[in-house]
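Enquirer: Here's a structure for you.
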Amino acid sequence: IICGVCCFTLLINLTSCFDWASSVAQLKAVAKTEQVLVSRLQNFINNKTEELGRIQNYVDALRKVSDKISSSKEEYISHPINQYHLIQRFAKEWTKVGDLLQMFNETGFELTQNISRMRKLYPTDNDLNPAAAGIERLQRVYELSIDELIEGNVKGEKSGYKLSPGDCFLIGKISCKSFKCDACKIWMQRALKLKADETFTNDEALAYEAVCRAKRGNLTHAFAITEDLLTRDPFNDILLGNMLYYRFVLGKLNILYPCFITIKKDENAEDEIKQYNQICQGKFKLPHKVSKNLRCYLYTNKNDPRLRIKPVKVEELCNSPHIVQFYDVINNDDIETIKKMSKKHLSRALVTGPNNTGIVEDIRTSKVAWFKKNDFTAVKKLYTRISEMTGLSEETFEDLQVANYGLAGEYQPHFDYTEKQDPSIYKREDGAEVGNRIATMLLYLNDVKEGGRTAFIEPKIVAKPIKGSAVFWYNLYPSGLGDPRTRHASCPVVIGNKWASNVWVHEVQQEFKRKCGLRQDA
């Protein structure tokens, strides 16, 4: 196209060098040249029209989405399939639009630059993998129908969008890389059933399925799939390496070869995750002999004058360990202030790694912000309120942590206390040791339509996220030892958006607030 335009410009400039009216023979050449120019100009227009048509198709498709978001942004963004497609559009579709606009030289340059600047701030290809992992997590934890999920139907909530064969392939690929072999096999089979699109081939899907089967110990089937793939791609280094390993393990090759694929199961960890999934699904109910002793009541914390006029509403969730849910802990204005302030400071949540350092892990998928007691009035009021309800000293309350969960956001089973008996692990900014985390106050800053419950693993109970409520429990026995019954998790968010915050209370300054009993579990 550009070449055609350059030739057009060059020939027009050459006309000024010749007296074309003096020779009819030369005019024949001009006539022939004009035919070429008209043809090239028409091609230029046709190509531009085709490109404009492609851009118009993108605009039409994106406008439909934009209109749907405008009519109900909160409802749209609450659906996990919509969340996935939003990330995908910025990672893939807007790149294609930018490429098309670059063909329009000066006209498209400025718009292309604007789109490029905006895309740097929004989802990219790197964000697609965790989004795909989120869809897999939803299906696995809640045992959702994969076929309904592909249709965009999540527990009766319809998205209006479907998962493509390429989406299924990506989810299977991510599952394989994170050693979720059963999920990999299922998603690759769906990708093959739906037939390949431009993002992958059938053989690529089969290759991943073979590796997943091998990791689960089904080497015979993996061998057969790989052998078939090699008939079509005999020089594929990865397939050849895998085949060499399968032949060795199956006794078909008498050489020493390292075992690098088969996964060794951690039975205890698998059992816990299975139980966690079942708790999130609501498969456990407290026995009647336990639930009949649980109460709802108005609480004044031993007639604390601040609570006598307006007692706090309490629901007992469990008696051993004692876990309660307070209601109307924080008002709506303060909630919205905390959320608004948090949006400016959100960063990826960390978990405790080696040497007590914070690291990013897939077991925790949320972003957090931190605030000190005196950062703004809403936090200060909240700390006073927690002290009123619990009778604990604010002196060793940790900074307020506010969390916003992502697509299928979760926090897998964990303890809030440290299992290391090292008093120096927790220190204030002034260097003073504050001891272990004796208690947790977990506040819910919004209602969650589906999922997002707090699961307690051993007692097999859940707390439902209700706006303005808070769950409270002691992490330590009165003796100061950690209470393993408080192991808990945040179930993946299915439909909606989850905001929560934590205030952890430390041992120091609580010696006379929660006294040590004569028995460990007093």
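Enquirer: What are the pairs with Cβ atoms under 9 angstrom where one residue, in the range 475-500, is over 14 Å from residue 415 (Cβ atoms) and the other, located anywhere, is in a strand (DSSP E or B) and modelled with pLDDT under 90? Sequence gap at least six, or different chains.
Expert: 498/366; 500/366
Enquirer: Another one. Among the candidates 328, 304, which residue alone is at pLDDT below 90, surrounded by fewer than 16 Cβ atoms within 10 Å (Cβ to Cβ), acidic (Asp, Glu) and in the same structural domain as residue 399 (by TED's automatic domain parsing)?
Expert: 304
Enquirer: I'd like to verify a number: residues in the range 19-65 that are in a helix (DSSP H, G or I), loosely packed, with under 13 Cβ neighbours inside 10 Å, at pLDDT below 80 and hydroxyl-bearing (Ser, Thr, Tyr), how many?
Expert: Adding up the residues that qualify gives 2.
Enquirer: Do the conditions hold for residue 206, that is, is it in the same structural domain as residue 244 (by TED's automatic domain parsing), among the aliphatic types (A, V, I, L, M), in a loop (DSSP other than H, G, I, E, B) and modelled with pLDDT of 85 or more?
Expert: no
Enquirer: Taking residue 251 as meeting all but one of (1) more than 26 Å from residue 189 (Cβ to Cβ); (2) under 32 Å from the mean Cα position of the chain (by Cα); (3) at pLDDT below 85, write down the number of the exception.
Expert: (2)
Enquirer: Taking residue 340 as the residue in question, decide whether it is assigned to a helix (DSSP H, G or I), at pLDDT 90 or above and within 30 Å of residue 220 (Cβ to Cβ). First the steps, then the outcome.
Expert: Details: assigned to a helix (DSSP H, G or I): yes; at pLDDT 90 or above: yes; within 30 Å of residue 220 (Cβ to Cβ): no.
No.
Enquirer: Any residue at all in the range 476-496 that's part of a loop (DSSP other than H, G, I, E, B), of a type in the set (A, V, I, L, M, F, W, C) and touching a strand residue (DSSP E or B) at 6+ places or on another chain (Cβ under 8 Å)?
Expert: Taking the range 476-496 as the starting set, the residues that turn out to be part of a loop (DSSP other than H, G, I, E, B) are 477-481, 483, 487, 491-492, 496.
Cutting the leftovers down to of a type in the set (A, V, I, L, M, F, W, C) gives us 481, 491.
Keeping just the survivors that are touching a strand residue (DSSP E or B) at 6+ places or on another chain (Cβ under 8 Å) gives 491.
Yes.
Enquirer: Next up: Taking the range 160-192, which residues are closer than 16 Å to residue 144 by Cβ, among the charged types (D, E, K, R), out of contact with any Cys (no Cβ under 7 Å at 6 or more places or on another chain) and surrounded by fewer than 24 Cβ atoms within 10 Å (Cβ to Cβ)?
Expert: 162, 180, 182 - these are the residues of the range 160-192 that are closer than 16 Å to residue 144 by Cβ, among the charged types (D, E, K, R), out of contact with any Cys (no Cβ under 7 Å at 6 or more places or on another chain) and surrounded by fewer than 24 Cβ atoms within 10 Å (Cβ to Cβ).
Enquirer: Counting just the residues of the range 271-287 that are modelled with pLDDT of 95 or more and among the hydrophobic types (A, V, I, L, M, F, W, C), which one comes out farthest from residue 465 (Cα to Cα)?
Expert: Once the filter is applied, the top-ranked residue is 279.
Enquirer: Next question. Can you pull out every residue in the range 121-154 that is assigned to a helix (DSSP H, G or I), small (Gly, Ala, Ser) and either over 18 Å from residue 449 (Cβ atoms) or free of Cβ contacts under 8 Å to residues at least 60 places away in the same chain (or both)?
Expert: First, pick out the residues of the range 121-154 that are assigned to a helix (DSSP H, G or I): 125-142, 146-150.
Those still in the list that are small (Gly, Ala, Ser) too: 131-134.
Of everything in the range 121-154, those that are assigned to a helix (DSSP H, G or I), small (Gly, Ala, Ser) and either over 18 Å from residue 449 (Cβ atoms) or free of Cβ contacts under 8 Å to residues at least 60 places away in the same chain (or both) turn out to be 131, 132, 133.
Enquirer: Go through (1) in the same structural domain as residue 170 (by TED's automatic domain parsing); (2) over 27 Å from the mean Cα position of the chain (by Cα); (3) at pLDDT below 85 and name the single condition residue 232 misses.
Expert: (3)
Enquirer: Under 36 Å from the mean Cα position of the chain (by Cα), at pLDDT 95 or above and in the same structural domain as residue 484 (by TED's automatic domain parsing): is that true of residue 298 in this structure?
Expert: Here the answer is no, as residue 298 does not meet what is asked.
Enquirer: Next question, about the same structure. Is at least one residue of the range 356-379 surrounded by 13 or more Cβ atoms within 10 Å (Cβ to Cβ), assigned to a helix (DSSP H, G or I), assigned by TED's automatic domain parsing to the domain that holds residue 459 and more than 31 Å from the chain's Cα centre (by Cα)?
Expert: Taking every residue of the range 356-379 in turn, none turns out to be surrounded by 13 or more Cβ atoms within 10 Å (Cβ to Cβ), assigned to a helix (DSSP H, G or I), assigned by TED's automatic domain parsing to the domain that holds residue 459 and more than 31 Å from the chain's Cα centre (by Cα).
Enquirer: Filter the range 473-514 down to the residues that are of a type in the set (Lys, Arg), farther than 19 Å from residue 330 by Cβ and in the same structural domain as residue 448 (by TED's automatic domain parsing) and list them by number. Spell out the reasoning first.
Expert: Within the range 473-514, the first condition is being of a type in the set (Lys, Arg), and the residues that meet it are 485, 487, 498, 513-514.
From what's left, farther than 19 Å from residue 330 by Cβ: 485, 487, 513-514.
Hits for the range 473-514 are 485, 487.
Enquirer: Just one of (1) at pLDDT 90 or above; (2) closer than 12 Å to residue 212 by Cα; (3) acidic (Asp, Glu) trips up residue 167, so point out which.
Expert: (2)
Enquirer: Against the definition (of a type in the set (Phe, Trp, Tyr) and in contact (Cβ under 8 Å) with a residue 60 or more places away in the chain), how does residue 444 come out, yes or no?
Expert: No; evaluated as a whole, the condition is false for this residue.
Enquirer: What's the number of the only condition in (1) under 18 Å from the mean Cα position of the chain (by Cα); (2) farther than 22 Å from residue 84 by Cβ that residue 167 fails to meet?
Expert: (2)
The values are calculated or read from the model by the stated rules, or taken from the named source; none is laboratory data. None of these values were measured; they are calculated from a predicted model. Cβ: placed from backbone, ideal geometry, glycine included. Neighbour counts: every protein chain shown.
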